[in-house]
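Q: Take this structure, written in structure tokens, and hold onto it; I'll ask about it next.
The values are calculated or read from the model by the stated rules, or taken from the named source; none is laboratory data. Just so we're clear, the structure is a prediction, and the values are computed from it rather than from any experiment. Here the Cβ positions follow ideal geometry from the backbone for every residue, glycine too, while neighbour counts run over all protein chains shown. Only protein heavy atoms, including side chains, enter the accessible area calculation; ligands, DNA and RNA are left aside. Shrake-Rupley method; radii C 1.70, N 1.55, O 1.52, S 1.80 Å.
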Amino acid sequence: MVYRLSLLLVVFMAAAISIASEDKEIYVVHMDKAKTTALDDILGDSKKWYEVVMDSITEFSAEEDGGEEASAPELLYTYETAITGFAARLSNKQLEALNKVEGFLSAVPDEMLSLQTTHSPQFLGLKFGKGLLASRNLANDVIIGFVDSGIWPEHASFKDGGMKRPQGTRFTAKNCNRKLIGARAYFKGYEAAAGKIDERSDFRSARDSHGHGTHTASTAAGHMIDGASIFGMAKGVAAGMSSTARIAAYKACYALGCASSDILAAIDQAVSDGVDVLSLSLGGSSQPYYADVLAIASLGAVQHGVFVAAAAGNSGPSSSTVVNAAPWMMTVAASTMDRSFPVIVKLGNGETFEGESLYSGTSTEQLSLVYGESAGGARAKYCSSGTLSPALVKGKIVVCERGINRGVEKGQEVAKAGGAGMLLLNTASQGEEIRVDPHVLPASALGASASQSIRNYVSSENPTASIVFNGTVFGKPAPVMASFSSRGPARKEPYVIKPDVTAPGVNILAAWPPTVSPSGIQSDNRSVLFNVISGTSMSCPHVSGLAAILKGAHEEWSAAAIKSALMTTAYTLDNKKAPISDMRPNGPSATPFAYGSGHVDPEKASNPGLIYDISYEDYLYYLCSLNYSSSQMATMSRGNYSCPTDTVLQTGDLNYPSFAVLFEGKPHDNSATYKRTVTNVGHPRTAYVAQVHEPEGVSIIVEPKVLKFRRAGQKLSYKVSFVDSGEKSGSSDPSFGSLVWASSKYTVRSPIAVTWK
């Protein structure tokens, strides 16, 4: 053993080079799992090996540093479960030395990522005590892990009544219970990049000072709370999708964002802790999988049987903005529910418009309208600090444009200047999407068309308006795709349709820390226990919670099986039986690049009939089909993985529940044939018939056209051929269709997206 250790140290020392004192960066370093496992037997654990590595790349450089010792690299984290490697602060020369260390695969600079329901269960068709929410499906010990901004443990949403008890600033083991079974904080990467956390405004513990993590955790798995509301609005029973699931909170996000090294440490620990579901309401930029640390870590999580749900991003409505697009991640878009908080704005010329607001006070009378110059000058149209004139604004309704500061801040400025109300206008590019705010005075946000009419009217002689609040109303057309929700196709590796599904993500009410104002503005001193916010960060935990319920109902299902069930049973018609529409400006009906397979339908997902299962090995084959280099494959597989050479691999053969077809070249020369295998999880003896809705410009052949199952668990395969008919010659617009396997009881639907280069 001594000889082997000495040999390894020689390898390390041979790799060492002179390291001058220089600026350093934080890197996430991927190492070969087989090498670290072998060394565990020698040194006891991988951390000791990495410490030896750190020592080996620290050398004297008398010529460059005058004989002074160069600063040592700083080891921040070691990763052992979801990925294999470590995070460290390294100089360029230390990184060069590390490249020569045996077992080194790759190094990626640390990145700062960003954080991207009283009515949700009912809108999703869930009924407490019935169907999927029957007690037999909720009794299992399913754990959801949240990598987020932490959690407020004392909130009523995290009480453990009726459940079977599993450190840092103001957070000890006493804050945990049978609902919140664990909480950890990771901040080494963040502090290395942004400086030490200011504990006057944040916590170096799992306690949430932002609100985001508390909101997402309660959305997925919050305890049932009667009478939840924000200022009396959206009042009802607040409950997470899986109200009996256990919560493990991993704080990795702070005031300036989430360091990827901290996120990886959180994911690695979560998988090691044995979570069943990982909820990732965060994201970075679009990158190839081998350079995307979230993609790499989530693949490791899936290898351990963990279902991973991730936010699609909030950069819509532009195309190819979706993030977290790896096929082993469930990528979730955001859409509306049928609940609204309507406000009627009546102009002096008789025109009326509907807006929305969370203001719960009294309505206004017909009052004078002021805007821009009539409110204090050209800059006053944004209602930013110091731009409004009290002499011009007092007792009037002020029209404010979006931009520069937040909506609630604009209202504060109006109130400070003596204004009696505010109308908050959307631009044409913002479209009809309205995200409600908890205003401090009578105020309403309005969509683009109403906003333009108000701009035209306010320049007339003696303009007036009134604002009338109608509380909480149900029944509007829904779902509608949120304009902010990021769209496909994926910028990198667009070989599967992304996002995968959509779920409620607009104006979602959920738990909130009482020390954080509902607007998140420092000057807002109000305290609430529930708050309404929007984003794919809100839609993601809906799916995380649904996955937990499905895991409880079908313990034998893999992560891919749960994902398949949610995708193939999703719907594409709204509650008025019309195609799901889109809030993007001048947008037609939404497409699979907005909602993926459609809106989740959990009750149908619990009995999908057929599933498309995918193994860890299948994902590696898919990566091989992308022609990744041996070093890139090693990074993804955490070792020396060799792609098969005796078979033809194509991206379209991944056993995915949707079809993405990419045609290149001349029309009529384009064709592709993909294979799929489905597993019967429905009635043992069932026959399915293929029903095809062909995308424009594409002919489709399915072989065989009928699948006859004789037993539960039986697998049958089929092939789909796509042929370019030439009808879309010269057009680069995508075409969409679907393939449905239909029986007397089940409808198993897969969307088809065809793009041309």
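Q: Filter the strands (runs of 3 or more DSSP E) completely within region 75-133 down to those with at least 3 residues that are touching a Pro at 6+ places or on another chain (Cβ under 9 Å). Break it down into steps so the answer makes sense when it comes.
A: Numbers: elements: 85-91, 104-109, 112-115.
In region 75-133, the matching strands (runs of 3 or more DSSP E) lie at 85-91.
Q: Looking at region 560-580, which of the residues that are open to solvent by 20 Å² or more (accessible area, probe 1.4 Å) and of a type outside the set (V, I, T) is nearest to V543 (Cα to Cα)?
A: The initial filter retains those residues of region 560-580 that are open to solvent by 20 Å² or more (accessible area, probe 1.4 Å), namely 571-573, 575-579.
Filter once more, so that each one left must be of a type outside the set (V, I, T): 571, 573, 575-579.
Values: Y571: 15, L573: 19, N575: 20, K576: 23, K577: 23, A578: 23, P579: 22 Å.
Here the answer is Y571.
Q: Now, a different point. Which residue, of S717, S744, is of a type in the set (S, T, N, Q) and either more than 22 Å from S615 (Cβ to Cβ) or in contact with a Pro (Cβ under 8 Å, 6 or more places away or on another chain) (or both)? Explain how you work it out, then say what you get.
A: Working: S717 fails: either more than 22 Å from S615 (Cβ to Cβ) or in contact with a Pro (Cβ under 8 Å, 6 or more places away or on another chain) (or both).
Within the list S717, S744, the selection yields S744.
Q: Follow-up. Just one of (1) closer than 30 Å to S335 by Cβ; (2) among the hydrophobic types (A, V, I, L, M, F, W, C); (3) buried (at least 18 other Cβ atoms within 10 Å of the Cβ) trips up L623, so point out which.
A: Against the list (1) closer than 30 Å to S335 by Cβ; (2) among the hydrophobic types (A, V, I, L, M, F, W, C); (3) buried (at least 18 other Cβ atoms within 10 Å of the Cβ), L623 comes up short only on (1).
Q: Out of all the residues in region 503-560, which are basic (K, R) and in a loop (DSSP other than H, G, I, E, B)?
A: R526
Q: Return yes or no: is S527 hydroxyl-bearing (S, T, Y) and either at pLDDT below 95 or farther than 23 Å from Y612 by Cα (or both)?
A: Working: hydroxyl-bearing (S, T, Y): yes; either at pLDDT below 95 or farther than 23 Å from Y612 by Cα (or both): yes.
When the stated conditions are applied, S527 passes them.
Q: Which residues, counting only those in region 41-57, are surrounded by 15 or more Cβ atoms within 10 Å (Cβ to Cβ) and modelled with pLDDT under 60?
A: Passing the criteria: only L43.
Q: Given the criteria within 14 Å of V277 (Cα to Cα) and β-branched (V, I, T), does I247 qualify?
A: yes
Q: Now for a separate question. Consider L347 carefully, then state whether it is open to solvent by less than 40 Å² (accessible area, probe 1.4 Å) and out of contact with any helix residue (DSSP H, G or I) (no Cβ under 6 Å at 6 or more places or on another chain).
A: No.
Q: Further question on the same structure: All but one of (1) open to solvent by 10 Å² or more (accessible area, probe 1.4 Å); (2) touching a strand residue (DSSP E or B) at 6+ places or on another chain (Cβ under 7 Å); (3) under 21 Å from I151 (Cβ atoms) hold for V306, so report the exception by its number.
A: The number of the failed condition is (1).
Q: If you don't mind, there's one more thing I want to ask. Mind listing whichever residues of region 710-743 are assigned to a strand (DSSP E or B) and open to solvent by 10 Å² or more (accessible area, probe 1.4 Å)?
A: Listed by number, the residues that qualify are K715, L716, S717, K719, S721, V723, F736, S738, V740, A742.
Q: Could you grab the pairs with beta carbons closer than 9 Å, sequence gap of 6+ or different chains, first residue in region 351-372 and within 15 Å of N462 (Cα to Cα), second one open to solvent by 50 Å² or more (accessible area, probe 1.4 Å) and basic (K, R)?
A: If the second residue must be open to solvent by 50 Å² or more (accessible area, probe 1.4 Å) and basic (K, R), the pairs left are Q366/K346; L367/K396; S368/K396; L369/K396; V370/K396; Y371/K381; G372/R379; G372/K381.
Q: Something else: In region 460-495, how many residues are under 17 Å from the mean Cα position of the chain (by Cα) and crowded, with 19+ Cβ neighbours inside 10 Å? Please lay out each step first, then the result.
A: The initial filter retains those residues of region 460-495 that are under 17 Å from the mean Cα position of the chain (by Cα), namely 481-491.
Checking which are crowded, with 19+ Cβ neighbours inside 10 Å leaves us with 481-490.
The number of residues fulfilling the criteria is 10.
Q: In region 581-590, what residues are buried (at least 23 other Cβ atoms within 10 Å of the Cβ) and of a type outside the set (D, E)?
A: M583, R584, A590
Q: Quick one: which of A450, A478 is aliphatic (A, V, I, L, M), in a loop (DSSP other than H, G, I, E, B), over 27 Å from S527 (Cα atoms) and touching an Asp or Glu at 6+ places or on another chain (Cβ under 9 Å)? Talk me through it step by step, then tell me what you get.
A: On the way: A450 fails: in a loop (DSSP other than H, G, I, E, B).
The conditions single out A478.
Q: Which number in (1) more than 30 Å from L566 (Cα to Cα); (2) crowded, with 24+ Cβ neighbours inside 10 Å; (3) not acidic (D, E) marks the one condition that A312 misses?
A: A312 satisfies all of (1) more than 30 Å from L566 (Cα to Cα); (2) crowded, with 24+ Cβ neighbours inside 10 Å; (3) not acidic (D, E) except (1).
Q: Among the residues of region 627-651, which ones are part of a loop (DSSP other than H, G, I, E, B), of a type outside the set (G, A, S) and open to solvent by less than 30 Å² (accessible area, probe 1.4 Å)?
A: Residues of region 627-651 that are part of a loop (DSSP other than H, G, I, E, B), as a first pass: 627-629, 638-650.
Then drop every residue that is not of a type outside the set (G, A, S), which leaves 627-628, 638, 640-641, 643-650.
Listed by number, the residues that qualify are Y628, R638.
Q: Same structure again: Taking V399 as the residue in question, decide whether it is outside any loop (DSSP other than H, G, I, E, B), in contact with a His (Cβ under 7 Å, 6 or more places away or on another chain) and open to solvent by less than 20 Å² (accessible area, probe 1.4 Å). Spell out how you get there, then give the answer.
A: Details: outside any loop (DSSP other than H, G, I, E, B): yes; in contact with a His (Cβ under 7 Å, 6 or more places away or on another chain): no; open to solvent by less than 20 Å² (accessible area, probe 1.4 Å): yes.
So V399 does not fit the description; no.
Q: Return a yes/no flag: does region 678-689 have any residue that is under 21 Å from A560 (Cβ atoms), of a type in the set (F, W, Y) and outside any loop (DSSP other than H, G, I, E, B).
A: yes
Q: Can you tell me which residues in region 496-519 are surrounded by 24 or more Cβ atoms within 10 Å (Cβ to Cβ) and touching a His at 6+ places or on another chain (Cβ under 8 Å)?
A: Of everything in region 496-519, those that are surrounded by 24 or more Cβ atoms within 10 Å (Cβ to Cβ) and touching a His at 6+ places or on another chain (Cβ under 8 Å) turn out to be V501, T502, A503, P504, G505, I508, L509, A510, A511, W512, P513.
Q: Residue pairs, Cβ under 6 Å, 6 or more apart or interchain, first in region 192-212 and part of a helix (DSSP H, G or I), second of a type in the set (G, A, S). List them.
A: A193/A259; H212/S149
Q: Which of the residues that make up region 237-281 are in contact with a Cys (Cβ under 9 Å, 6 or more places away or on another chain) and within 18 Å of A510 (Cα to Cα)?
A: Within region 237-281, S279, L280, S281 qualify.
Q: What are the pairs with Cβ atoms under 6 angstrom where one residue, in region 144-155, is open to solvent by 10 Å² or more (accessible area, probe 1.4 Å) and the other, located anywhere, is modelled with pLDDT of 90 or more and in a loop (DSSP other than H, G, I, E, B)? Sequence gap at least six, or different chains.
A: Cβ pairs passing all conditions: W152/D208; W152/P513.
Q: Just checking, which of N456, N462 is part of a loop (DSSP other than H, G, I, E, B) and more than 29 Å from S523 (Cα to Cα)?
A: Of the residues listed, the single one that is part of a loop (DSSP other than H, G, I, E, B) and more than 29 Å from S523 (Cα to Cα) is N462.
Q: If you scan region 224-253, which residues turn out to be open to solvent by less than 10 Å² (accessible area, probe 1.4 Å) and part of a loop (DSSP other than H, G, I, E, B)?
A: A239, G240, M241, S242, A245, A252
To keep it simple, each residue is scored yes or no on (1) open to solvent by 10 Å² or more (accessible area, probe 1.4 Å); (2) in a strand (DSSP E or B); (3) within 22 Å of S229 (Cα to Cα); (4) among the hydroxyl-bearing types (S, T, Y).
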{"position": "A333", "(1), (2), (3), (4)": "no, yes, no, no"}
{"position": "S363", "(1), (2), (3), (4)": "yes, no, yes, yes"}
{"position": "A380", "(1), (2), (3), (4)": "no, no, no, no"}
{"position": "S384", "(1), (2), (3), (4)": "yes, no, no, yes"}
{"position": "L424", "(1), (2), (3), (4)": "no, yes, no, no"}
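Q: Which residue pairs have Cβ atoms closer than 6 Å, lie 6 or more positions apart in sequence or on different chains, and pair a first residue in region 520-543 that is under 21 Å from M224 (Cα atoms) and open to solvent by less than 40 Å² (accessible area, probe 1.4 Å) with a second residue that is part of a loop (DSSP other than H, G, I, E, B) and among the aromatic types (F, W, Y)?
A: V528/W512; F530/W512; N531/W512
Q: For region 652-682, which positions are within 25 Å of the chain's Cα centre (by Cα) and either of a type in the set (A, V, I, L, M) or open to solvent by less than 10 Å² (accessible area, probe 1.4 Å) (or both)?
A: Filtering region 652-682 down to residues within 25 Å of the chain's Cα centre (by Cα) leaves 652, 654-661.
If the condition is that a residue be within 25 Å of the chain's Cα centre (by Cα) and either of a type in the set (A, V, I, L, M) or open to solvent by less than 10 Å² (accessible area, probe 1.4 Å) (or both), then G652, L654, Y656, P657, S658, F659, A660, V661 are the ones that fit.
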